[in-house]
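The values are calculated or read from the model by the stated rules, or taken from the named source; none is laboratory data. Computed from a predicted model, the values in this text were never measured in an experiment. Quick reminder, even Gly has a Cβ in these numbers, built from the backbone with ideal geometry, and neighbours come from all protein chains shown.
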């Protein structure tokens, strides 16, 4: 298990500039991001996508999801409140996305303890997501379900009941930090097994393609007291994927955007309610200067 | 194609007073507004209805929607995240509303590119909505689906991928303004074909019954970066319909209420998150003096 | 019918301290609260649970709800936007909760006028909820459906059309106060019939186990203009139940937490939008000193 980060390494200025390039591209192209997501975060993730300049569309029925995934610029599939009907829509959309070349991201909310969604998540991996984002528990569970060999995995992330909407993806607490590190081997194995960029949210996020690994140190612990900020990171991953030449970097850029917006929002927030509102304001206001000055992203050596 | 509005005509003081009368009536009667809506905006439209003094109820299952539409004061049907089950509820509710004389409004979110909801929208028109509200793309698509003859329609609204929850109904950007004008002929044809008042959201909104046409110039471009403000205008149309003797004016009043509340909210908003919160505060605080001073509504000559 | 409360009795300091004990316990144990709730309030109730320190999970499909109710610390069932599928999930979850000893709370939103949910609510009572929370109309309707004999019930709560998401559970208006008093006999009868603690929201809330009755006088009338604050009280009841030795007191503590947070939020709110945001901030900031100073809770003699 890697050592925790008592103090963070210096951020890489090239990486910060690349985040700004991605944000510029999203604002210029206004990608149509197709979401099949959970009812807890449908509003907040649509607003986050609008705030960074993307064009979200929630098209979630089996009757329409396949056709829409073909015309969208990217697809976001989030298992949060999945049922049999929406599971069918997810399968159709993922298959259509693969066929049409629409990049897509999977958020395997709460996989592991619940067999229905665990089997669904496994079946969706066949359609080759470009990215997967979860918290440490979810990534470890999904990696294990795949039978991906995880050398040195501790199998213990200190957050075993982190299910459903209590998504601490944007979390920056000590427990979650431990989580992201604990999931390192599982994430690398999952990335190698699936070909996806795998993002693990935590106090310090980890994003890997199985060869290269990026770390992101933006965020604030109060983010763990707002529902759906992990789902927001996933939605923004969808937006960034649509403009990306390098999937790994696109996935990391979404973590920086979410984390930094939350960090800025927390500075003046009176609590989690204010933080949720200010995070949207901060996403909308993010610019190159702020990203260059404050993005904390570096390559793991 | 009508000329764009480089500067807005003077507002009509009689129309501003009529908006205030409608708001007073809603607050006095507290109409029970039945909503079958999408999961992105269920919370925000319920709050908008409460903020202007109405009594919203989201009763969305086939088991209950028909019975409830009979006892409600008005009905709002929004296709945003429709699936086979909710489509059934919509048909039952619309049929019951027509039979019971409950006025109702249709929001044909994203009709056009998606055949399932396009066919549903067409089938719902048989139940004679009192009003239809959409953005330019949606109104042009629905009008075309009806085969409504649209003299002089340009068929190009500059916003072809404006689907799903990226509903720019409350939008006040230049592109959307172009959209509302581009949809003028289609809206008039749709109104004549259906007998409904047709509202087209844009930088300057257009509301027509096929003979008379009103324009509304309230709003702010930041509103296009908040999800569901078009759906909010539709929900408020439902509230206004319940108190109206003149359906055309009721539909226009809802556009003024939404646009002016957004305009006031934007004055102090730090971004789209704040705007969403302040819009509810502004709706709740709207009064006759503010409406008379700031409503920008006029008859098209 | 009991007399209305022209001025409120002195709060009981022991009760205020007990609320603080419950809040401390929730924050220490971080109970996993399983919610099967309506799509209007899924986000806001998840955020309220996070704000007081609980761990919410919205697991709402028939495929998963039974299994999850066994591992959760408590269960919240809210009928707001129930349909045939979610009704099945509710039955499975309630049955599993009863079998596993998971305490659970029922929010019978809009029972009475709608037969589908009225029959569902009745059938769920077989699984022995620990608590039931509603507004006066709902509690009177449910008590009547049970055939629970309500001595002295007036049968008139002044809020007959209070259905759906216009849930004035957290309401503090004069009309709602009348409601809670009007439902007193029905609540006592329902509590005796079911064995549950029954909470009636109003200007002054009433919580009874059929023998003892508590009253709570916190809140603010502006809360009636925000959707889902009654549902929030129900969700917090779920959190408090998980830590409780005395179910009656746990149910009352949730009403104090919701009412006091709303009361504090209203002090600086510019309207209902701000109130919703500040309520989450206030829940997160609540501490023992504030509760001891401001909780208004007393035993009915």
Only one residue in C:15, C:23, C:8, C:39 is assigned to a loop (DSSP other than H, G, I, E, B) and away from every other protein chain (no Cβ under 14 Å), so which one is that? C:8
Could you check how many residues of region B:70-84 are within 20 Å of residue B:247 (Cα to Cα) and in a loop (DSSP other than H, G, I, E, B)? 2
Let me spell it out: the conditions are (1) more than 13 Å from chain A (Cβ to nearest Cβ); (2) surrounded by fewer than 23 Cβ atoms within 10 Å (Cβ to Cβ), and residue C:268 meets all of them except one. Which number is the exception? (1)
Restricting attention to region B:283-290, does a residue exist that is closer than 22 Å to residue B:193 by Cα and either modelled with pLDDT under 95 or part of a loop (DSSP other than H, G, I, E, B) (or both)? no
Could you run through region B:205-232 and say how many residues are under 20 Å from residue B:273 (Cβ atoms) and either outside any helix (DSSP H, G or I) or in contact with a helix residue (DSSP H, G or I) (Cβ under 7 Å, 6 or more places away or on another chain) (or both)? 13
Quick one: count up the residues across region C:107-145 that are farther than 18 Å from residue B:64 by Cβ and either within 13 Å of chain B (Cβ to nearest Cβ) or surrounded by 17 or more Cβ atoms within 10 Å (Cβ to Cβ) (or both). 13
All conditions in (1) buried (at least 23 other Cβ atoms within 10 Å of the Cβ); (2) not in a helix (DSSP H, G or I) are true of residue C:257 except (2)
Members of region C:95-117 found to be under 18 Å from residue B:59 (Cβ atoms) and out of contact with any helix residue (DSSP H, G or I) (no Cβ under 6 Å at 6 or more places or on another chain), listed by number: C:109, C:110, C:113, C:114, C:115, C:116, C:117
Tell me, yes or no, whether region A:62-69 has at least one residue that is in contact (Cβ under 8 Å) with a residue 60 or more places away in the chain and outside any helix (DSSP H, G or I). no
As an exercise: evaluate residue A:165 against (1) touching a strand residue (DSSP E or B) at 6+ places or on another chain (Cβ under 7 Å); (2) modelled with pLDDT of 95 or more; (3) not in a helix (DSSP H, G or I) and give the number of the one condition it does not meet. (2)
Residue in region B:70-92 that is surrounded by the most Cβ atoms within 10 Å (Cβ to Cβ), counting only those that are touching a residue at least 40 places away in the same chain (Cβ under 8 Å) and at the interface with chain C (Cβ under 10 Å from one of its Cβ atoms): B:72
Hits in region B:45-56 - residues which are part of a helix (DSSP H, G or I) and either at pLDDT below 95 or more than 16 Å from residue B:255 (Cα to Cα) (or both): B:46, B:47, B:50
